[in-house]
Amino acid sequence: MNFVTLTLFLVYQVHALSFPENFKFGFATASYQIEGGWNASGKGPNIWDWYTHTYPTRIADLTNGDVACDSYHKIATDVQLLKNIKADFYRFSISWARIFPNGQPNNINPDGVRYYNELINLLLSNNIKPIVTMYHWDLPLGLHQLGGWPNIALVDYFVDYADKLFSLFGDRVKTWITFNEPSQICEFGYSRGFLAPGYTQLGIGNYMCGRTLLIAHAKAYRLYEKKYKQHQKGLVGMTVHAVWFEPAAEGKTYAEAADISLQFMFGWWEHPIYKGDYPPVMRKQINYLSAQQNFTKSRLPYFTKDEIKLIKGTADFLGLNYYTSFLCSPLDSSAVQNPLLSPDSNVTCYQPSSWQSTASSWMKVTPWGFRKILNWIKKEYGNPKVLVTENGYSDTGELQDCNRVNFLNDYLTELLNAIKKDGCNVQGYAAWSLLDNFEWGSGYMQKFGLHYVNFSDPNRARTPKMSAYVLRNIIKTKKIDTTFTPQGFKACPPS
Ligand code: GBH
């Protein structure tokens, strides 16, 4: 190599290692996990208030989100944290029952409107874009009492709510996420019962709920398209939780098992949106099993032709939450089923114990799966615009959080490779989470925050962890530097 080619090579390497100029970084949270103020100033109860108060033992440490990080009273503090770490955007969710206390659209709570207006305005005056999730699991209890998501009547309630949010905040909010993780809402809420409302209508409740969510999402999207898009010029999409499923061994049956898993977890939502209707393998398998089980019709409800048309094409971007990977094999009835996946998938997926663990039992560290899922999305759905709306690591709360630092460096390197080497159309990345917070059934025992929160302090003081400074440096330089050690911290051992 002569001097000129060497220089060009080095320039290329440096360039190859940087995030594109217009790539955006941000931080994500959810209302019930951080806000507290559960009954403040006119807010109505939601299913998480009800679930944690009625069944305290369903939460590992018997806690709840009554106060959480008290973000209801801490707009200024939280925005300052975001500013300090150079966030381009903040992804937060709106508590439905803070806007419509019992879910009915005739009764609006002015304090809820005030709260989100203040948050949005302060973000914007600090040059941080708000990205709003309309529904991150906290259904108004009134709507739960009408049957919750398995009831198709909730479509209209959600559309009324979405309409109100667009009209109240759409002059300033330009990115909307209808639902966070429909697979968790439906599979865990109504089929396995790990999350509120905790029902176990196995193989029934999940698909009824899923049908409602897809139609509600699509109608909210169409409403925006028709009534708001022309003057508000924003984007609407949905966020789906993806696990990367890797074949556990060579051979066709293993490849099939991995593909079926991807379709059952991810295609359940994205196939109707990008291609129309449920993934054929889901339809075939659930129809088959339903018949075997003596049902008079498939447990997976059919969409009408009009509904298929309504749903297809309702995404301006694909919101992706990615945390972990599994290895899949054809069903082995003696093996433990992956709890993240419906048993109708008829596959066995697991995580080898040799993979690095986290504080969460469902999650092991698998950066390589990030590049693979992004490439799979590119191929399967025609390289859609992707926004990574969550990615993060759980530990027990160390300030010198080397495992999280390595996690971020390694996952972001894979993301960068997907963009630079594979041409995946990823536009932004949100770290989960801005703060340690209420981790659903695990209470406050699993910490995902880049800021430590002192939950025994009535003030809920926040302290940046090492990882906050590391991500700040990545945002500032648009580069990953595994040797970067912020002041006041020790260098981390390599991953
Ligand atoms: C995301 O879900 C959520 O959007 C976010 O709210 C959450 O805090 C974050 O990830 C971390 O979990 O322990 O058996 O009850 C990712 C999927 C949802 C999987 C919660 C594990 C609890 C399973 N996770 N779920 S269990």
Worksheet entry | Wholly enclosed strands (runs of 3 or more DSSP E) of region 410-495 bearing at least 1 residues out of contact with any helix residue (DSSP H, G or I) (no Cβ under 7 Å at 6 or more places or on another chain), within 16 Å of the ligand (Cβ to nearest atom) and closer than 23 Å to Ile131 by Cβ | 426-432, 451-453
Response to the item:
All conditions in (1) open to solvent by 10 Å² or more (accessible area, probe 1.4 Å); (2) without any contact (Cβ under 8 Å) to a residue 60 or more places away in the chain; (3) farther than 28 Å from Phe295 by Cβ are true of Phe169 except (1)
Item to complete: Collect the residues in region 47-63 that are in a loop (DSSP other than H, G, I, E, B) and open to solvent by less than 40 Å² (accessible area, probe 1.4 Å), keeping them in residue-number order.
Response: Ile59, Thr63
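Filter region 283-321 down to the residues that are hydroxyl-bearing (Ser, Thr, Tyr) and either open to solvent by 40 Å² or more (accessible area, probe 1.4 Å) or assigned to a helix (DSSP H, G or I) (or both) and list them by number.
Looking only at region 283-321, we keep the residues that are hydroxyl-bearing (Ser, Thr, Tyr), and these are 288, 290, 296, 298, 302, 304, 314.
Answer for region 283-321, where residues must be hydroxyl-bearing (Ser, Thr, Tyr) and either open to solvent by 40 Å² or more (accessible area, probe 1.4 Å) or assigned to a helix (DSSP H, G or I) (or both): Tyr288, Ser290, Thr296, Tyr302, Thr304.
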Discussion item. Being within 16 Å of the ligand (Cβ to nearest atom), assigned to a helix (DSSP H, G or I) and open to solvent by 20 Å² or more (accessible area, probe 1.4 Å) is the filter here; which residues of region 354-404 pass it?
Written reply: Asn403
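Just name the residue that is nearest to Thr239 (Cα to Cα) out of those in region 447-472 that are out of contact with any strand residue (DSSP E or B) (no Cβ under 8 Å at 6 or more places or on another chain) and open to solvent by 20 Å² or more (accessible area, probe 1.4 Å). Reasoning before the result, please.
Taking region 447-472 and keeping what is out of contact with any strand residue (DSSP E or B) (no Cβ under 8 Å at 6 or more places or on another chain), we get 449, 455-459, 466-467, 469-470, 472.
Next cut, open to solvent by 20 Å² or more (accessible area, probe 1.4 Å) only: 455-459, 469, 472.
On the way: Phe455: 29, Ser456: 33, Asp457: 33, Pro458: 33, Asn459: 32, Tyr469: 27, Arg472: 24 Å.
Among residues in region 447-472 that are out of contact with any strand residue (DSSP E or B) (no Cβ under 8 Å at 6 or more places or on another chain) and open to solvent by 20 Å² or more (accessible area, probe 1.4 Å), the one nearest to Thr239 (Cα to Cα) is Arg472.
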Worksheet item: Taking helices (runs of 4 or more DSSP H) that fall entirely within region 163-282, which contain at least 1 residues that are within 16 Å of the ligand (Cβ to nearest atom)?
Response: 205-227, 252-262
Worksheet item: Out of (1) closer than 24 Å to Asp171 by Cα; (2) in contact with a helix residue (DSSP H, G or I) (Cβ under 7 Å, 6 or more places away or on another chain), what's the single condition that is false for Cys69?
Response: (1)
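Given the criteria at negative phi, away from the ligand (no atom under 13 Å from the Cβ) and acidic (Asp, Glu), does Asp49 qualify?
Values: at negative phi: yes; away from the ligand (no atom under 13 Å from the Cβ): yes; acidic (Asp, Glu): yes.
Criteria met by Asp49.
The values are calculated or read from the model by the stated rules, or taken from the named source; none is laboratory data. From a predicted model like this one, the values you see are computed outputs, not experimental measurements. Neighbour counts are summed over all protein chains in view; Cβ atoms, including those assigned to glycine, are modelled from backbone coordinates with ideal geometry. Each accessible area value is taken on the protein alone, full model and side chains, heavy atoms only, with ligands, DNA and RNA left out. Shrake-Rupley method; radii C 1.70, N 1.55, O 1.52, S 1.80 Å.
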